[in-house]
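Accompanying notes for the structure given below.
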Amino acid sequence: MQNGLQKGYASAGAGAAVHSLRSGDAPADGDLQGAAAAEQLNDPHPQLSAHGSLSLHYDPATDVVLRYDVLSSRAVKVLIALVWLVILLGVALLVGAVYLQESEDSSWFFTHNALPITNLACASLCTAALLGYGLFFLHRVLRVNASGKRWSHRRRRLATLAGAELALQLFSALFFLAPNAYLLTDECGWFSSLIAWSAFVRWTCWNSTFCLYLVEAHSSHPAQGRWRVERPGERGAPFVGDAPLWRHWKKALYWCLVEGNYAALSAVVETKVGRQQVPPPPACHTTPYDCNASGAIIALASTQFSLNLGYFLIYAFLISRSFYHLLRLPYEQNRQANFVVRLQLRLRGLILLFFALSVCLYTFVGAGSCRSYLLTWLGLLPVQLVTGLVAIINCFVMTPTRPDHAAILQEWLQEFAWTEAEVPRRRRRRASSLPPESKKAVAINREPMFCVETALKLAFWSFVCYDHMEVPGSIYALEAAMQMYRLQHSELLWERANDVKCIVAWSDDTVVVAFRGTASLANVKADLQVWRARWPSGVGRPLLGTAPMIHWGFHRSWTAAGFDQRLLSMVKGIVDKAPAKPVKVLVTGHSLGGALATLCAQELATQLAGAVQVQVYCFGAPRTGNHAHARMYNKAVRQTWHVVNNEDVVVKNGKFIVLYKRAGHRVLINSLGDLVVRPTHAETVIRTLPGANSIRDHLMTSYIASLAAVLGSQFSSKSFAGGREGVLRLIRKSSGVGFVLEAMGFGHDTLALLQHRGWDALLEARRQARRARLRLPWPGKAGVAGSQGAMSAASSQQQAALQAEAGVAELEAGTLGQGEAGLLEQQQQQQEQQPLEAVVVPDDRGAVAMAAAGAPLDQLVAASPAEQQQEPEQPGQRSTAQQNANMPPQQQQQQQQQQQHVQQGIQPAQLQQNSQAPPQLQQLRALVVQPSAVQRLLRRASTLGSGRRMPPELGPCPSARGPLAIRDAATPLDALVLQVDEGSTQDRG
């Protein structure tokens, strides 16, 4: 397969180099043909600038860094918890306000000062907090400007919006403080103009704040048309946030609409309610007042509620559009936008909804009473607290800061390599923009780099460990896996008592150790034993938290019946016989197998230090031990990669607050094709949905599907910089990757379609094929006899299914002769087209009779008979065309059908027999009369590879019982058409 792939993609290098130059990224490996010009323009060791930075990464010595760039996982969790706490506090205050309106009479508010005192206390706290952090934020900005650091446009925009929001909430708090303080000094000043117009200022501040929310939500949207502004130095595609603020003038129109309603409402209330005669104290406390709301006030208040709800709806629309488009763009190039839009959603969405709910309850509960007037116009206390504290949290996230050493390194460490051959060079280039002798460069060079090729191969190995000796005929064969690293020997270790299964394969310089995951009740029992055991013993002190503790079930599975000693002795013997040291040891596993892989790797790295180079790639592995164990493990095994698929339930859970800690490095993947290597702590938290857990995402088939999506998305708009070239190098130059691609459903035709039409076209073709298979009728469902209408519906459904299948086959076959597909594709296209002339009737019995008798398919495809010679027409005889012209249209159609049946060898008796057959058999017989439909079905079956059932996104991948196996045997035609089994539904792990 590798030779065929190399031939099929031999001329892809020139296009790859051009694409790389256009995207501003040089090919990471000089092996790609046609990339010589790109390599000359992109020296692997460029000259450093005066500041030592000319990479795409930010340089903290010259660039402004905001706090969200370096937030820790704990900080993000604390911030999100604070938001929820503030909202819960606001809800509690809102419930209290509603209770006061329903339980107390209006006279209580005039005789007691509890309301203004409470408002004044809360307003003072809010004002102090907002003013204090506002001064700190201003100090940090001025200090950064004085240092001469460079502001990127996007960071400046985020900081500006955060500062504006904080200033608006500070003004709102001041005008919340003023009327309540005035009411304490003037005990009868309830209807003063100061109260009405202070409320107008607060609402203006909230209106402006919500308008900023809309600007923020729209800023993360990819720019098109008038919004597209190129900003030098910004990574990724242009966004709306790159455009100047004045282009958001349509949002300002909505702001003016809301502001006009606020002004009209304040003026009407001040006129209708505020101009009452208030006697001097103490008579003012007992005088009845008229606070009945007029029709104008009710109408304006209702309009205000609708407009506030409109803010929420517009925000939801803008943020959902940003999400929709960001999901279709490469995550790596739009990392900042993805993080900001997720963070803003958690900070903003509930606030808008809470504000609309608060205004509704304050206004309409007890409407027309003086208690409703005082609670509303003296200040919406819950809204004031929630919006003020959220403004502080947002400003904290957008504050300029000085990152620590680990945060600086994180930006560089998120790079990865596509192939194993380019890992050394990519590691050298990773720190090429830093001074060679600097501490940062030395620290970066010591860090490992994730490799996509290694992940693909070891994912295959993880599946092999499931199927070996358990699933006969699986495409995940041990022989294919051993060819990936040219291994000569293998041995299976299977401890039956605890059902721990491991495969060890080796050569002179490479050892692969693969563990099987959860596949039996014994494994489930081990997974549920979550209490901890001390391992290794005698290290650290438990009371101080320095003793390494690991999962009891994993420890028992690893050490029971001397399993660990047998495995370690075997690997040690292999390493001792190796001609050269160190020996590369690759350890892998899925689920429970991933946990056992980490324990095995730790023992190997400790006992064979210096003689082995251990690399671990785990898939869906749970946490193994506590914090002390994670620290010990990271010192022993530096190259550990935990591949996590989307919302994997096993990976997301099992932490038990602080009892367990994940060692190694994370790599996040999903079915959309995203690949996030070593995400920041904040990204790990912000990318997950609260409460979202998926068992399906934990299955090994789902991991294979997501890895396939990562490869396929490089031929779409989600491609990394240089991603397409990287995948082509991976296909052409990597040893053994062809077996992995075949298991993923990437055969020759699929790869050609992927290269020429793109990932989206391939997904659409597979969706059409899947829908066509689902519409095929199944035996026994329609019964033996049915009405003519049911037969007609079934026939049209069958025809639609075959047309969809044929369309997919033509789409795949049609791409093979284009571009640089070469001689291999042309030969295959000729082979596909040739049988179209050979689907004929072999004898005088006719195809219908043979199909009814269960004739094998190979008898239906026979050599074409000689064309029948037609007798010349006699003079004076009317031609057939003239005779048909004088017939009625219906009789002409019947005559044409009879002639067609005679040419195809179908007798009238056979047609009568066909009309009395079951509907399914009638459809099968009708198919035989259509040679093109039959042949297209055969051609479709020939393009399907034998393998395991994949998730729907990857389309058809039939099992050994599917159409491919049927076509190769002497199978009747009805079995070929009706048996469209997608494959085994058993998902391992």
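Among the candidates Trp461, Trp412, single out the residue that is within 28 Å of the chain's Cα centre (by Cα) and over 19 Å from Tyr617 (Cα atoms).
Values: Trp461 fails: over 19 Å from Tyr617 (Cα atoms).
Trp412 is the lone residue from the list that is within 28 Å of the chain's Cα centre (by Cα) and over 19 Å from Tyr617 (Cα atoms).
How many residues, within segment 453-500, are under 20 Å from Ile731 (Cα atoms), in contact with a helix residue (DSSP H, G or I) (Cβ under 7 Å, 6 or more places away or on another chain), part of a helix (DSSP H, G or I) and β-branched (Val, Ile, Thr)?
Residues that pass the stated criteria total 0.
Would you confirm, using the coordinates I've provided, whether Ala526 is among the aliphatic types (A, V, I, L, M), closer than 23 Å to Trp641 by Cβ, touching a residue at least 40 places away in the same chain (Cβ under 8 Å) and not in a loop (DSSP other than H, G, I, E, B)? Reasoning before the result, please.
Working: among the aliphatic types (A, V, I, L, M): yes; closer than 23 Å to Trp641 by Cβ: no; touching a residue at least 40 places away in the same chain (Cβ under 8 Å): yes; not in a loop (DSSP other than H, G, I, E, B): yes.
Taking the combined requirement at face value, the residue does not satisfy it.
I'm trying to understand the selection: among the residues of segment 705-718, which are open to solvent by 20 Å² or more (accessible area, probe 1.4 Å) and closer than 23 Å to Arg732 by Cβ?
Let us first name the residues in segment 705-718 that are open to solvent by 20 Å² or more (accessible area, probe 1.4 Å), namely 715-717.
Those that are open to solvent by 20 Å² or more (accessible area, probe 1.4 Å) and closer than 23 Å to Arg732 by Cβ: Phe715, Ser716.
Output the residues belonging to segment 672-704 that are in a helix (DSSP H, G or I), under 21 Å from Pro330 (Cβ atoms), open to solvent by less than 10 Å² (accessible area, probe 1.4 Å) and not acidic (Asp, Glu).
Listed by number, the residues that qualify are Ala682, Ile686, Tyr703.
For residues in segment 266-315 being charged (D, E, K, R) and surrounded by 13 or more Cβ atoms within 10 Å (Cβ to Cβ), which is nearest to Leu350 (Cα to Cα)? Walk me through it before giving the result.
The initial filter retains those residues of segment 266-315 that are charged (D, E, K, R), namely 270, 272, 275, 290.
Checking the rest, the ones that are also surrounded by 13 or more Cβ atoms within 10 Å (Cβ to Cβ) come to 270, 272.
Working: Glu270: 31, Lys272: 34 Å.
Only one residue tops the list, namely Glu270.
So which of Gly654, Gly593 ends up being surrounded by fewer than 23 Cβ atoms within 10 Å (Cβ to Cβ) and either within 21 Å of Leu711 (Cα to Cα) or of a type in the set (Gly, Ala, Ser) (or both)? Reasoning before the result, please.
Details: Gly593 fails: surrounded by fewer than 23 Cβ atoms within 10 Å (Cβ to Cβ).
When all the criteria are applied, what remains is Gly654.
Within segment 225-241, work out how many residues are without any contact (Cβ under 8 Å) to a residue 24 or more places away in the chain and either crowded, with 17+ Cβ neighbours inside 10 Å or of a type in the set (S, T, N, Q) (or both).
2
Would you mind stating whether Val511 is in contact with a Leu (Cβ under 8 Å, 6 or more places away or on another chain) and in a strand (DSSP E or B)? Talk me through it step by step, then tell me what you get.
Numbers: in contact with a Leu (Cβ under 8 Å, 6 or more places away or on another chain): yes; in a strand (DSSP E or B): yes.
It is true that Val511 is in contact with a Leu (Cβ under 8 Å, 6 or more places away or on another chain) and in a strand (DSSP E or B).
So, in segment 719-756, exactly how many residues are open to solvent by 20 Å² or more (accessible area, probe 1.4 Å) and at pLDDT 90 or above?
Summing the residues that are open to solvent by 20 Å² or more (accessible area, probe 1.4 Å) and at pLDDT 90 or above in segment 719-756 gives 1.
Based on what the data block shows, is Trp255 open to solvent by 40 Å² or more (accessible area, probe 1.4 Å), without any contact (Cβ under 8 Å) to a residue 12 or more places away in the chain and either farther than 28 Å from Met398 by Cα or among the hydrophobic types (A, V, I, L, M, F, W, C) (or both)?
Values: open to solvent by 40 Å² or more (accessible area, probe 1.4 Å): yes; without any contact (Cβ under 8 Å) to a residue 12 or more places away in the chain: no; either farther than 28 Å from Met398 by Cα or among the hydrophobic types (A, V, I, L, M, F, W, C) (or both): yes.
Spelling it out, it is not the case that Trp255 is open to solvent by 40 Å² or more (accessible area, probe 1.4 Å), without any contact (Cβ under 8 Å) to a residue 12 or more places away in the chain and either farther than 28 Å from Met398 by Cα or among the hydrophobic types (A, V, I, L, M, F, W, C) (or both).
I need a count of the residues in segment 71-90 that are open to solvent by less than 80 Å² (accessible area, probe 1.4 Å) and either at pLDDT 80 or above or in a helix (DSSP H, G or I) (or both).
Within segment 71-90, the first condition is being open to solvent by less than 80 Å² (accessible area, probe 1.4 Å), and the residues that meet it are 71-73, 75-76, 78-83, 86-87, 90.
Going one step further and asking which of them are either at pLDDT 80 or above or in a helix (DSSP H, G or I) (or both), we end up with 73, 75-76, 78-83, 86-87, 90.
So the answer is 12.
If I ask for residues that are part of a helix (DSSP H, G or I) and within 30 Å of the chain's Cα centre (by Cα), which ones from segment 388-404 would you list?
Step one: list which residues in segment 388-404 are part of a helix (DSSP H, G or I), which gives 388-397.
Correct list: Val390, Ala391, Ile393, Asn394, Cys395, Phe396, Val397.
Specify the residue that is farthest from Glu683 (Cα to Cα); the eligible residues are those in segment 352-365 that are modelled with pLDDT under 85 and open to solvent by less than 20 Å² (accessible area, probe 1.4 Å).
Among those residues, the one meeting the criterion is Tyr362.
Out of (1) open to solvent by 30 Å² or more (accessible area, probe 1.4 Å); (2) more than 28 Å from the chain's Cα centre (by Cα), what's the single condition that is false for Arg328?
All conditions pass for Arg328, except number (2).
Val643: surrounded by 24 or more Cβ atoms within 10 Å (Cβ to Cβ), among the aliphatic types (A, V, I, L, M) and either modelled with pLDDT of 95 or more or in contact with a Lys or Arg (Cβ under 8 Å, 6 or more places away or on another chain) (or both), yes or no? Lay out the reasoning, then the answer.
Details: surrounded by 24 or more Cβ atoms within 10 Å (Cβ to Cβ): yes; among the aliphatic types (A, V, I, L, M): yes; either modelled with pLDDT of 95 or more or in contact with a Lys or Arg (Cβ under 8 Å, 6 or more places away or on another chain) (or both): yes.
In short, yes.
Out of Ala441, Ala480, Ala431, which single residue is without any contact (Cβ under 8 Å) to a residue 12 or more places away in the chain and open to solvent by less than 30 Å² (accessible area, probe 1.4 Å)?
Details: Ala480 fails: without any contact (Cβ under 8 Å) to a residue 12 or more places away in the chain; Ala431 fails: without any contact (Cβ under 8 Å) to a residue 12 or more places away in the chain.
Checking each option against the conditions leaves just Ala441.
With the condition kept exactly as written, say whether any residue in segment 375-387 is in a helix (DSSP H, G or I) and in contact with a Pro (Cβ under 9 Å, 6 or more places away or on another chain).
Within segment 375-387, one or more residues are in a helix (DSSP H, G or I) and in contact with a Pro (Cβ under 9 Å, 6 or more places away or on another chain).
What is the one condition in (1) open to solvent by less than 10 Å² (accessible area, probe 1.4 Å); (2) at pLDDT 95 or above that Ser490 does not satisfy?
For Ser490, the exception is condition (1).
Please indicate, with yes or no, whether at least one residue in segment 202-211 is open to solvent by 30 Å² or more (accessible area, probe 1.4 Å), over 25 Å from Ala121 (Cβ atoms), among the polar types (S, T, N, Q) and out of contact with any Pro (no Cβ under 8 Å at 6 or more places or on another chain).
No, every residue in segment 202-211 fails to be open to solvent by 30 Å² or more (accessible area, probe 1.4 Å), over 25 Å from Ala121 (Cβ atoms), among the polar types (S, T, N, Q) and out of contact with any Pro (no Cβ under 8 Å at 6 or more places or on another chain).
Only one of (1) modelled with pLDDT under 50; (2) open to solvent by 70 Å² or more (accessible area, probe 1.4 Å); (3) under 27 Å from the mean Cα position of the chain (by Cα) fails for Pro27. Which number is that?
Of (1) modelled with pLDDT under 50; (2) open to solvent by 70 Å² or more (accessible area, probe 1.4 Å); (3) under 27 Å from the mean Cα position of the chain (by Cα), only one is false for Pro27: (2).
For segment 580-601, indicate whether the set of residues that are more than 18 Å from Asp509 (Cβ to Cβ), touching a Leu at 6+ places or on another chain (Cβ under 8 Å) and of a type in the set (A, V, I, L, M, F, W, C) is non-empty.
Taking every residue of segment 580-601 in turn, at least one turns out to be more than 18 Å from Asp509 (Cβ to Cβ), touching a Leu at 6+ places or on another chain (Cβ under 8 Å) and of a type in the set (A, V, I, L, M, F, W, C).
Just the residues that are open to solvent by 30 Å² or more (accessible area, probe 1.4 Å), closer than 17 Å to Val397 by Cβ and touching a helix residue (DSSP H, G or I) at 6+ places or on another chain (Cβ under 8 Å), please, taken from segment 120-137.
Ala129, Tyr133 - these are the residues of segment 120-137 that are open to solvent by 30 Å² or more (accessible area, probe 1.4 Å), closer than 17 Å to Val397 by Cβ and touching a helix residue (DSSP H, G or I) at 6+ places or on another chain (Cβ under 8 Å).
The values are calculated or read from the model by the stated rules, or taken from the named source; none is laboratory data. In this text, all values refer to a predicted model and were calculated from it rather than measured experimentally. Don't worry about glycine lacking a Cβ; one is built from the backbone with ideal geometry, like all the others, and counts go over all protein chains shown. Only protein heavy atoms, including side chains, enter the accessible area calculation; ligands, DNA and RNA are left aside. Shrake-Rupley method; radii C 1.70, N 1.55, O 1.52, S 1.80 Å.
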